[in-house]
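Please read the structure below before turning to the comments.
Readers should treat all values here as calculations from the given coordinates under stated rules, not as data from a laboratory. On a predicted model such as this, the values are computed, not experimentally measured, just so you know. Here the Cβ positions follow ideal geometry from the backbone for every residue, glycine too, while neighbour counts run over all protein chains shown.
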Amino acid sequence: MKFGIGQSMARVEDQRLLQGTGRFVDDALPAGTASVVFVRSPYPRARIVSIDTAAAKSADGVIGTVTGADLLAAGVTPFPLVPGLPNAEGKPWSAPPYYPLATDEVRFVGQTVAAIVAETRAQAEAAAELVAVEYEELPSVTTLDAARAPDAPVLWPQATGNVFAAMRFGNAQACDDAFAKAAHVAKVSFMNQRILAMSLEPRGTLAQFDPASGRFTVRTSCQNPATLRGALAGSVLNVPPEQVRVVVGDVGGGFGMKSVLYPEDAVCAWAARNFGRSVFWRASRSEEFLSANHGRDQHNEGELALDAEGKVLGLRVRIVGNVGAYGSGPGTIIVVAIGPKVITGVYHIPTLDLRSEAVTTNTNLVGAYRGAGRPEAIFLIERLMDQAAADLKLDPAELRRRNFIQPEQMPYTTPMGEQFDSGNFPHMLARTLYLSDWKQYGQRRAQSQARGKLRGRAISTFLEWTGVVHEETVSMQVQADGRVFVFTAMQAMGQGIESSYVQIVSEAMDVEADKVVVIQGDSDVAEGIGSVGSRSLYIGGSAMVSVSKDTLAKARDLAADALEASPADLEYRDARFTIAGTDRAIGLAELAARQPEKHIAMTTKQTVGGPSWPNSCHVCEIEIDPETGEVSIVRYTTLDDVGRVVNPMIVAGQVHGGIAQAVGQALMERVHYDPASGQLFTGSLMDYSVPRADNFPRIDQHCDESTPCKINPLGAKGVGELGTVGGTPTVVNAVLDALRPLGIQHLEMPLTSERVWQALQSARAA
């Protein structure tokens, strides 16, 4: 097999992307497509007194206008709430109804208020300036502290203290008992600041409506076409799912931000039907900053109780997350339920007391962003471990070693009730210490000092939860020309999943890789959840293994009939069935050609045994220029246990990309709202810094396949978010390691050169 599992095959999608033949939303605009432009709220909170669109309707090129009142009259419903969450009183939680266009009140700057449909974008933009909206400004809050203050304005009456949802986990009394007998307690408190997903391709939607069939076709840039179809049909437009088709071509990055239905998608679909035109909207970069879901924005506090030997006795955690103006998106469940799943990390922590709250503010919604709650949780436990090591004057690697869950404890159940099926954390640590040349660090630090630089290092050992929904359906067709088509709801968005599926099917079906064709991005041809939560390979890849097995079983029976032999007597190799000990054979292609449909078809629903738990060990070394505060990453080593590796090159790329985004949060990125006006200060790339290639050294990435996943047929674990989960605490702890000898114990992210320099100046003055 030329390109089977375990080989670094070049990505098949790169041919079209590098040659400019990729198909993004903009590349599929039919002739006569109208443009949509949105009028957005300039206020963080205000009552809508009136909307006058008369002047806009009469402007050049305008086809029509849309307001919230228009949508209400047409029966458009609000986005649904995530079910099953309690509020602060333990009752079913409530949040303001979130309509595609605001109806009575705007709740954040950038919220969609009205839409203009015109022949060209320029005409739509000009007409949008003519829409007269009268607002009555209301008291607002943009920060967690302001929202939780005793005199804070009530943003939603059913959210007591502006808390949408709250949960508590663990055993408070047992945790109190553990802390009472602790020899030492380590404490940390910090903000996981709000950041942007910053996909290279902004969101875009092309919507069409066929009055003859009553069907919508929505072409968009998203991660999960089948899920989006269901949300658009059942949750907003109130039409049967079969009346909606969602089509996705190439996607220029998703990172979780493109996993939900947005107001713009719904308005475009409605406008296409209402005006009888295909309509198109593409977000400007500033619109993305204002209205694409943000990430993180949590205040986290943690206390770690340890005995005299540095063994952890208990953990207390308080998570307070700013989920923005509406709780209908995934942000609320990320704060109160998803992040806590990994809060104890790879450590044996006997008891836990965790409280989590999702708080509403007058800011854009916070949703999924690469890791979705797990980076925030791992940041907390890894900061605590480093703080404890510093307090106890222990090597941070040694403190971690003393507290690992041991291989013989697998399967291991955490205080959160989560079960780890596999993992060898002591082995991962030992190998990473060797790969990173941990013992020779003193020499490198002395060399940095000789150049007038401060040097620091840190190690993080961590895991993450991947999988989300534990089943996926895929279909396969073996064609008469020998090609093998697979149909999936999983979606490529830069992560290389198309290539990984080709390799899996190539090996499982024993056909050459160029014979495998992956069909994705069309809700008409595949049902499923889509690409979220690092599930594309873990669950989707497992489904590819199973559908290949099922297809070959069906083909074996067909071959037995054709060859007049028993299925048990057939051998299979190189896409051919042969009667053992003879030269009588028939190929897959010939078998397919003999079928009435001219193909062999099979659909398989794959279920896995639960989430997967990939784990890693990262080591980062940094230098600080004390004259400027500039932080430079000089060495970075990572060892990743992602189970069975399908394509090492793709795994490395995913880890590198995740680390890059983690470094962005650690050192430079921050979404900032003005507390007084509620305006977004970081509304463009002139104001919001993102990492570049020259911010990184060569990342020394390695895989460890010694502990494959035990609960799926592929043996793989998720990888897409792993680098983001561990990269931020590793970099931040390395900076603090360099600064701690000067008495600096804590700095809030991002650790910009200005912030580091100011801390150095204050330390010198003291």
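Extension gain residue 440-residue 74, at 0.36 nm per residue separation less the Cα-Cα distance, in nm?
Fully extending the segment from residue 440 to residue 74 adds 124.8 nm.
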**Study point:** Shape metrics for the chain, restricted to C-alpha atoms - Rg then Dmax, Å
**Key:** 27.4, 91
**Study point:** Cross-link pairs 311/439; 187/439; 393/717; 598/710; 2/717; 393/439 - those with Cα-Cα distance over 26 Å
**Key:** 187/439; 393/717; 598/710
Practice item. Taking 7 Å along the Cα-to-C-beta vector as the label spot, tell me the residue 125-residue 16 distance in nanometres, rounded to one decimal. Key: 3.0
Point to revise | Vicinal HN-Hα couplings computed from phi for region 446-460 (Karplus, 6.51 cos²θ - 1.76 cosθ + 1.60; Hz; Gly/Pro x) | key: 5, 5, 5, 4, 5, 8, x, 10, 8, 10, x, 9, 7, 10, 10
Practice item. Please go through region 593-685 and write out the GluC sites (Glu not before Pro) that DSSP classes as loop and that have at most 11 other C-beta atoms within 10 Å. Key: 597, 627
Review point. If the chain between residue 679 and residue 561 were fully stretched, how many nm would it gain, using 0.36 nm times the residue separation less the Cα-Cα distance?
Key: 35.3 nm
Point to revise | Label point distance in nm, residue 634-residue 89, each placed 7 Å from Cα along Cα→Cβ | key: 5.9
Review point. Between residue 481 and residue 431, what is the FRET efficiency for a Förster distance of 45 Å, r being their Cβ-Cβ separation, to the nearest 0.05?
Key: 0.45
Study note, to complete from the structure: Here, trypsin sites (Lys or Arg not before Pro) of region 680-728 satisfying both criteria (DSSP loop; at most 10 other Cβ within 10 Å) are 692, 698
Revision key, fill the gap. Within the under-12-Å Cβ sphere about residue 367, not counting residue 367, Lys/Arg +1 and Asp/Glu -1 give a net charge of +3
**Study point:** All lysines inside 30 Å of residue 91 as judged from Cα atoms, apart from same-chain residues fewer than 8 positions distant
**Key:** 341
Review point. Check residue 12: other-chain or 5+ apart residues with amide H under 5 Å from its amide H, H built from backbone geometry?
Key: 499
Check your understanding: Which ³J(HN,Hα) values in Hz, rounded to whole numbers, follow from the phi angles of region 750-766 under the Karplus curve 6.51 cos²θ - 1.76 cosθ + 1.60, where θ = phi - 60° and Gly and Pro get x?
Key -> x, 7, 5, 4, 4, 5, 5, 4, 4, 5, 5, 5, 5, 5, 5, 5, 6
Practice item. Starting at the first residue of region 222-235, write each ³J(HN,Hα) from the Karplus equation 6.51 cos²θ - 1.76 cosθ + 1.60 with θ = phi - 60°, in whole Hz, x for Gly and Pro. Key: 8, 9, 8, x, 5, 5, 4, 4, x, 5, 5, 6, x, 9
Review point. Measuring from label point to label point, each 7 Å out along Cα→Cβ, what is the residue 185 to residue 758 span in nm?
Key: 3.0
**Study point:** Length added when fully stretched, residue 687-residue 582, from 0.36 nm per residue minus Cα-Cα
**Key:** 30.6 nm
Study note, to complete from the structure: Rounded to the nearest 500, the 222 nm mean residue ellipticity computed for the chain from DSSP H runs (n ≥ 4, each -39500 (n - 2.57)) alone is -8000 deg cm²/dmol
Review point. Taking K and R as +1 and D and E as -1, what net charge do the other residues with C-beta under 15 Å from the C-beta of residue 386 add up to?
Key: +1
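Taking 45 Å as R0, compute the FRET efficiency from the Cβ-Cβ separation of residue 50 and residue 242 and round it to 0.05. Write down the numbers at each step before the final one.
Values: r = 39 Å, r/R0 = 0.87.
With R0 = 45 Å, the Cβ-Cβ based efficiency is 0.70.
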Check your understanding: Which far-off residues, 5 or more places away or on another chain, put their amide H under 5 Å from the one on residue 215, with H placed in the peptide plane?
Key -> 210
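Let me check against my output: what whole-number percent is the relative contact order of the chain, with C-alpha pairs under 8 Å and at least 6 apart?
15
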